[in-house]
1. Can you give the extra length, in nm with one decimal, that the chain gains between A:K81 and A:L37 once fully stretched, where that is 0.36 nm per residue apart less the Cα-Cα distance?
2. Taking a ≥ b ≥ c as the square roots of the eigenvalues of the Cα gyration tensor of segment B:34-95, is the shape rounded (a/c under 1.5), prolate (a/b larger than b/c) or oblate?
3. Peptide A:81-90: average number of partner chain Cβ atoms within 10 Å per residue?
4. Pull out a ≥ b ≥ c, the square roots of the eigenvalues of the alpha-carbon gyration tensor of chain B, then state rounded if a/c is under 1.5, prolate if not and a/b is larger than b/c, and oblate in the remaining case.
5. State which helices in chain A qualify, where a helix is a whole DSSP H run, it must extend 18 Å or more along its own axis by its Cα atoms, and its mean Kyte-Doolittle hydropathy must be at least -0.5.
6. When you look at the Cβ of every residue in B:214-226, what mean number of other chain Cβ atoms sits within 10 Å?
7. If you plug each phi of segment B:119-128 into the Karplus form 6.51 cos²θ - 1.76 cosθ + 1.60 with θ = phi - 60°, what whole-Hz ³J(HN,Hα) values come out, in order, with x for Gly and Pro?
8. Using a 10 Å cut-off around each Cβ of peptide B:48-57, what is the average number of partner chain Cβ atoms that fall inside?
Amino acid sequence: IVWAPDPYGEECRSKTYPPSGPTFKGNVPTYVINLDLPPSKRWDNLMHDKKTELKTVVQNIKDIVNTFFPSGKVVDIVDNKIAHLTATLPYPFNEELQGIANSSGIPLGEIVIFNIFYEIFTV
Amino acid sequence: CTSIVAEDKTGKLYHARNLDFGLFLGWDVKNNSWTITRELKPIVVNLDFQRNNKTVFRSTNFAGYIGMVSGVKPDLFTLTMNERFSLDGGYIGIFEWFLGRRDGMWMGFLTRTVLENATSYQDAKDKLAKTRLLAPAYFILGGKNSGEGCVITRSRTAALDIWDLDTKKGTWYVLETNYDRWKPPLVLDNRRTPAMKCLNQTTQENVSLPTIYDVLSTKPVLNKLTVCTTLMEVSNGHTETYLRECPDPCSPW
């Protein structure tokens, strides 16, 4: 069997570090998460800074879901039913998720879905 | 995703990964990119989890996500998680959870618990291999001593395979994309072969975080789904993360 060459492949890169140029999009900020705080308060500082960007991601996911289910029922279920799933999650994760929802203003059900995205997408 | 644990000639261990996410979640024709991949970049953060003002572990996260996909516990171990697709997937685990069977762990919560509580490389390896999960996964674990590095292939209930570093037998790196190592990768998504080719060209004598960054910068290991690249060293819990872009021509995955 002769495989066709990967049309997007390239020779191994070298001397790309330190990162710069067209494949480098930027650095990443660092935040401290204080585990001595109550779980519901641990993520407040981070959410204060990133809630707008997180809302954009969540809204995009909702838009995609609404494209496939235009009735809006799926998003309605997420917003109104999935939040109850939080009560079944182990401590301290349940309280952390509630805290993130409170400080970001994003419905708890949407925060829960964002956090169990991995389990949903492994098929 | 592509995760690598490599050991140099002195026994020093390096751990790095490309975090790829957003497949089929909307294609932005104008920017020629995956919509969610692009939107995720502004919420990538490095987190320093502290107790009593001391670092317990560090991670690279999406803001709003409380689980872990990349993290380092200083002077003990490094950990990344790659997605493993299976028909016996997470939706079955979620269904069971709703029906009241709750003895499995959500993937992100397990990695978070391991980073927070595991006391050694071996302890972390045991927990990752033996804990019942809601979804299959690949765990890529690195330690601080020579030979401490492995890929754990998990089904929801068991460890199907543990691939360990073994420099005496020539295995100076372990590499995982999103396919079982004993099977060929999907023909349309072969990042494993180019990554291995580049690591083999690098050689163990020259392996370092900068040369691993070179590997992770080579297309199609770097692709349109790549959100960021994280480089980790277990000593002192060193971690650095860079947002990535894949200029055209570039593989969509």
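1. Here the answer is 13.0 nm.
2. Details: a/c = 2.33, a/b = 1.47, b/c = 1.58.
Verdict is oblate for segment B:34-95.
3. 2
4. rounded
5. Details: long enough: A:44-68 (35 Å, -0.60).
Length and hydropathy pass: none found.
6. 4
7. 9, 7, 4, 5, 4, 4, 4, 4, 5, 5
8. Details: counts 5, 6, 5, 4, 3, 3, 0, 1, 2, 2.
Taking all residues of B:48-57 together, the mean is 3.
Read-outs: derived from the displayed coordinates by stated rules, not from any lab. Note that this is a predicted model, so its numbers are computed, not measured. Here the Cβ is made from the backbone with ideal geometry for all residues, glycine too, and neighbour counts use every protein chain on show.
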